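The values are calculated or read from the model by the stated rules, or taken from the named source; none is laboratory data. As the structure is a computational prediction, the values presented were derived from the model and not from experiment. FYI the Cβ positions are ideal-geometry reconstructions off the backbone, even for glycines, and counts take in every protein chain you see.
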Amino acid sequence: MTQLLELREKLRFLYHEHDFVFRGIAKFLLAFCVFFAIVYQVGFAGVIGTPMIAVVAAGICVFLPAGAVSFLMCVLTVGSLWKISPEVGGSALFLFFLMLLVYFAFKPKYSALMAMTMLACTFNMGGILPVAVGLLCSPLALIPMALGVVSCNMITTARDNFSILSSQSERLTEIEKVIYYIDCLFQNEKMLLLIIAFSLTVMIVYWIRRRPHSYAWSVAIAVGVLVLVLILLIGNVVFDIAIVAPALIISCILGVLAACVAMLFGFVVDGTRTEYLEYEDDEYYYFVKAIPKITVTVSQKRVTSITGKTEQENAREKRRAKRETPETIMLPKEEMPSWGDEQKEIPGKKE
């Protein structure tokens, strides 16, 4: 455990020193993966005609706020759906406009979660996010997560009904295409099941981790994963919704790992040193439970380089030491004065 805490402190120090670089890399990777997900669902017939356009768009996101990734995702989604049919693209534009109004009405701080949720749902890995989001964020994070699920299913619905909604199809009129597309979108039981599962998981995890207990976060992780799996399995059985079991298992394992990392960096306490405090003022009594954090001091390693000296350097140092050391004159033993005898008169010295 001590080694993990030392690693955490080193990573924190490294991040604070190069935060701009790490943020830029994270935004580039998120944007590129999201744009690739749009290509993966729509195909290269969409707005992103070549992978180079996705790379350029992701590079632009490096110099923009994190919320710009979600905004560009909406723009590229509308453009790709417009290629399928102007009616579908217009419907998507209207739905994204309503999402924008909801976003500014509640003003959540987690707009990047919309793109992350859309990316996870595209590859059936939605189980990665809910537990970690419940640990790190407030319940307002449910808004961008739900919008991300809807964004993913907007593309999926248009792809599954391409033969009916495409511009070449004359089976429906323009108005009928819009009604048919919106009806298929909001009657998608899998989308509704994911929104319910994510919402309940985030709320339960958030409520448990707010409890004043030393192991609240650990219990929240276990309960959150259990709730998510049970809801998805119940939906699979009762509502006959196809859930890919291997993807669900892998996503839940990755979700537990992400939650453990979040707990390591956000909540590591020493429950053995819990203290209970109480004090009062003129109006209230205050009862406080204080649980100290576990912190470690990163050990500083000192490296001393030892180099061998040449013979010339040794001789030079000896000569320097000889010059600095005063010379000592040694008299013969018979000429050394006897300090016990009386001093003799020095010739030439007058009294």
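Does the range 87-102 include one or more residues that are of a type in the set (Val, Ile, Thr), out of contact with any helix residue (DSSP H, G or I) (no Cβ under 8 Å at 6 or more places or on another chain) and farther than 25 Å from VAL131 by Cα?
So far as the range 87-102 goes, no, none of its residues is of a type in the set (Val, Ile, Thr), out of contact with any helix residue (DSSP H, G or I) (no Cβ under 8 Å at 6 or more places or on another chain) and farther than 25 Å from VAL131 by Cα.
Run VAL131 past the list (1) without any contact (Cβ under 8 Å) to a residue 40 or more places away in the chain; (2) of a type in the set (A, V, I, L, M, F, W, C); (3) over 17 Å from VAL42 (Cα atoms) and report the number of the one that doesn't hold.
That leaves (1) as the condition not met.
Does any residue of the range 205-218 turn out to be among the polar types (S, T, N, Q) and part of a loop (DSSP other than H, G, I, E, B)?
Yes.
Name the residue, out of LEU98, LEU72, LEU81, LEU113, that is of a type in the set (A, V, I, L, M), closer than 14 Å to SER151 by Cα and free of Cβ contacts under 8 Å to residues at least 12 places away in the same chain.
Residue meeting the stated conditions: LEU98.
Looking at the range 224-247, is at least one residue modelled with pLDDT of 85 or more, within 19 Å of the chain's Cα centre (by Cα) and among the hydrophobic types (A, V, I, L, M, F, W, C)?
Within the range 224-247 (the criterion being modelled with pLDDT of 85 or more, within 19 Å of the chain's Cα centre (by Cα) and among the hydrophobic types (A, V, I, L, M, F, W, C)), the answer is no, since none of the residues qualifies.
Conditions first: (1) buried (at least 16 other Cβ atoms within 10 Å of the Cβ); (2) under 26 Å from the mean Cα position of the chain (by Cα). ASN124 passes all but one, so which condition is the exception?
(1) is the only condition that ASN124 fails.
Would you confirm, using the coordinates I've provided, whether LEU228 is crowded, with 19+ Cβ neighbours inside 10 Å, among the aliphatic types (A, V, I, L, M), touching a residue at least 24 places away in the same chain (Cβ under 8 Å) and in a helix (DSSP H, G or I)? Steps first, answer last, please.
Values: crowded, with 19+ Cβ neighbours inside 10 Å: yes; among the aliphatic types (A, V, I, L, M): yes; touching a residue at least 24 places away in the same chain (Cβ under 8 Å): yes; in a helix (DSSP H, G or I): yes.
Judged against the criteria, LEU228 is a match.
Is it the case, given these coordinates, that LEU200 is out of contact with any Cys (no Cβ under 6 Å at 6 or more places or on another chain), hydrophobic (A, V, I, L, M, F, W, C), crowded, with 19+ Cβ neighbours inside 10 Å and assigned to a helix (DSSP H, G or I)?
no
Please specify each residue of the range 129-186 satisfying the condition of being touching a Lys or Arg at 6+ places or on another chain (Cβ under 9 Å), among the aliphatic types (A, V, I, L, M) and within 30 Å of ARG211 (Cβ to Cβ).
LEU135, LEU140, ALA141
Does THR173 satisfy the criteria of being more than 23 Å from LEU98 (Cβ to Cβ), free of Cβ contacts under 8 Å to residues at least 40 places away in the same chain and hydroxyl-bearing (Ser, Thr, Tyr)?
Answer is yes for this residue.
Please count how many residues of the range 1-38 are at pLDDT 80 or above and in contact with a helix residue (DSSP H, G or I) (Cβ under 9 Å, 6 or more places away or on another chain).
The number of residues fulfilling the criteria is 16.
Just to verify a result, which residue in the range 138-194, among those that are hydroxyl-bearing (Ser, Thr, Tyr) and farther than 26 Å from ASP240 by Cβ, is surrounded by the most Cβ atoms within 10 Å (Cβ to Cβ)?
Taking the range 138-194 as the starting set, the residues that turn out to be hydroxyl-bearing (Ser, Thr, Tyr) are 138, 151, 156-157, 163, 166-167, 169, 173, 180-181.
Add one more test, that the residue is farther than 26 Å from ASP240 by Cβ, and what stays is 138, 166-167, 169, 173.
On the way: SER138: 13, SER166: 16, SER167: 13, SER169: 13, THR173: 10.
Residue satisfying both the conditions and the ranking: SER166.
Could you grab me the full set of residues in the range 109-121 that are surrounded by fewer than 24 Cβ atoms within 10 Å (Cβ to Cβ), in contact with a Leu (Cβ under 8 Å, 6 or more places away or on another chain) and of a type outside the set (A, V, I, L, M)?
Passing the criteria: LYS109, TYR110.
Of all residues being hydrophobic (A, V, I, L, M, F, W, C) and over 22 Å from ILE143 (Cα atoms) in the range 169-222, which is farthest from the chain's Cα centre (by Cα)? Just the residue, please.
LEU172
Answer yes if at least one residue in the range 274-282 is assigned to a loop (DSSP other than H, G, I, E, B) and modelled with pLDDT under 80, and no otherwise.
yes
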